[in-house]
1. Which of the numbered conditions does residue 98 fail, given that it passes all the others? Conditions: (1) under 20 Å from residue 179 (Cα atoms); (2) touching a strand residue (DSSP E or B) at 6+ places or on another chain (Cβ under 9 Å); (3) surrounded by fewer than 19 Cβ atoms within 10 Å (Cβ to Cβ).
2. Could you count how many residues in the stretch 172-200 are farther than 30 Å from residue 71 by Cβ and either touching a Pro at 6+ places or on another chain (Cβ under 6 Å) or polar (S, T, N, Q) (or both)?
3. Taking residue 181 as the residue in question, decide whether it is under 30 Å from residue 121 (Cβ atoms), polar (S, T, N, Q) and either in the same structural domain as residue 107 (by TED's automatic domain parsing) or at pLDDT 90 or above (or both).
4. Is it the case, given these coordinates, that residue 174 is aliphatic (A, V, I, L, M) and either touching a Ser or Thr at 6+ places or on another chain (Cβ under 9 Å) or within 30 Å of residue 278 (Cβ to Cβ) (or both)?
5. Which pairs do you get when a residue that is buried (at least 16 other Cβ atoms within 10 Å of the Cβ), found in the stretch 336-365, comes within reach of a residue that is polar (S, T, N, Q), reach meaning Cβ atoms under 6 angstrom, with the pair 6+ apart or on two chains?
6. Could you list, in sequence order, the residues of the stretch 221-238 that are at pLDDT 90 or above and in a loop (DSSP other than H, G, I, E, B)?
7. Pairs, please: C-beta under 9 Å, at least 6 apart or cross-chain, first residue without any contact (Cβ under 8 Å) to a residue 24 or more places away in the chain and in the stretch 81-104, second of a type outside the set (Val, Ile, Thr) and in a strand (DSSP E or B)?
8. Modelled with pLDDT under 90 and in contact with a Lys or Arg (Cβ under 9 Å, 6 or more places away or on another chain) - does that describe any residue in the stretch 123-135?
Amino acid sequence: MKQLYIVFVFMLLVACGTDKNNQPSEETLKVTDELVITKQQFDGEHMAFGTLEEHDFNTIVKVSGMIDVPTHNQSNVSTFVGGYVTKTPLLIGDEVKKGQFLVTLENTDYIEIQQQYLELAEKLNYLKSEFTRQKTLYDEKITSQKNFLKAESDYKSSLAHYNGLKKKLQMMNINPTSVENGTIASSINIYAPIDGFVTKVNVSNGTYVSPADVILEIIDTDHIHLELSVFEKDILKIKKGQEIDFRIPEASDSIYKAEVHLVGTTIDPTSRRVTVHGHIDDDHTGFIVGMFAEAEIIIGASKALALPKTAVIQVENDYFALILESETPTEYQLKKVKLNLGMQTEDLVEVLNAESFKDKKIVVNGTYMLLNTTEGGEH
């Protein structure tokens with residue numbers, strides 16, 4: 001059988017043969033338009049006949065982008081008042097729930113704030129009583145308006161200061177009631193503002209962090225999506241609801257599905273591109289925010305007669321297929337017919353001159369086997 005394959009390979013090489021200038025000679029073309037093989041040579045497992053079949057071809061716009069999440073699903077954790085990190089048990093990749101403990105900070109400033117609050121809370125009781133007394137005296141024309149207004153001003157300004165410190169303590173996760181009861185803490189805890197995964201840890205024990213510093217980054221991947229970049233010339237073709245086929249070339253050969261959800265309304269003045277937001281349909285377990293994605297947005301679909309790519313023989317800039325011209329009980333007579341190709345997919349090619357192949361049996365995968373057999377040689 002191996003010898004029989006070699007005979008057929010030789011015939012194909014003759015069919016694709018060229019002269020020294022890599023141009024097929026008239027004699028070669030004339031001789032190799034028709035090929036004859038025995039039925040013993042035709043291995044049904046590796047070579048087979050087929051016909052033109054109708055297939056779906058999509059009109060696509062090729063784009064690129066990345067895996068991302070909405071801004072409300074990302075959180076940079078920081079502090080309202082600076083301090084030194086004394087405890088940070090989390091690592092990158094840890095899952096956290098909203099309200100879960102993240103970091104402990106320590107600073108003498110926290111003690112001073114609580115002292116100010118406690119002192120003001122005690123003082124406020126006196127100022128409130130004095131204000132009430134002065135108001136009563138003023139209403140009864142016993143005291144002057146000046147004394148009344150001064151008592152009112154002292155009380156209301158102190159009350160505003162008190163409420164401000166109280167809110168500051170709450171933002172620092174310190175209970176104002178505990179402070180009023182005499183409990184003063186030298187450290188504060190920071191808790192997770194959202195559910196998600198820790199993607200950045202910028203501190204370690206002993207690090208001083210200011211309100212401008214990002215301590216941790218948390219990302220909620222439940223609403224992971226595609227953020228695609230579309231050229232200006234293609235943007236009018238993109239509509240909400242169109243299907244997207246995409247893959248992560250650096251991680252997998254799998255094709256994933258998504259759908260156009262939002263089309264941007266502004267063009268980046270530098271890149272002349274528009275952002276398109278796509279919702280992912282398939283299970284996105286394993287996707288990581290920031291992954292590069294190659295995508296095809298399907299803007300239309302049509303049906304056409306096509307052949308598998310394994311049926312196509314390329315000779316320089318021309319394409320051919322082998323059709324069954326006739327057969328005898330022992331032999332197949334094949335004819336080489338030129339193809340006019342149209343749209344293509346990964347596995348199929350549209351045949352524009354379909355009339356030349358109407359009702360014909362076509363070798364649909366024998367040429368593929370032969371080309372692989374001669375890989376590394378000159379065709």
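1. (1)
2. The initial filter retains those residues of the stretch 172-200 that are farther than 30 Å from residue 71 by Cβ, namely 175-187.
Restricting the remaining residues to those that are either touching a Pro at 6+ places or on another chain (Cβ under 6 Å) or polar (S, T, N, Q) (or both) gives 175, 177-178, 181, 183, 186-187.
Count: 7.
3. Values: under 30 Å from residue 121 (Cβ atoms): yes; polar (S, T, N, Q): yes; either in the same structural domain as residue 107 (by TED's automatic domain parsing) or at pLDDT 90 or above (or both): yes.
So residue 181 passes the test.
4. Working: aliphatic (A, V, I, L, M): yes; either touching a Ser or Thr at 6+ places or on another chain (Cβ under 9 Å) or within 30 Å of residue 278 (Cβ to Cβ) (or both): no.
No: the conditions fail for residue 174.
5. Every condition considered, the pairs that remain are 337/356; 365/310.
6. Residues of the stretch 221-238 at pLDDT 90 or above: 225-238.
Passing the criteria: only 238.
7. What qualifies is 89/101; 89/102.
8. Checked against the condition, which is being modelled with pLDDT under 90 and in contact with a Lys or Arg (Cβ under 9 Å, 6 or more places away or on another chain), the stretch 123-135 yields at least one hit.
The values are calculated or read from the model by the stated rules, or taken from the named source; none is laboratory data. Remember, predicted model here, so these are calculated numbers, not experimental data. Cβ sites come from the backbone with ideal geometry, for glycine too, and all protein chains shown count toward neighbours.
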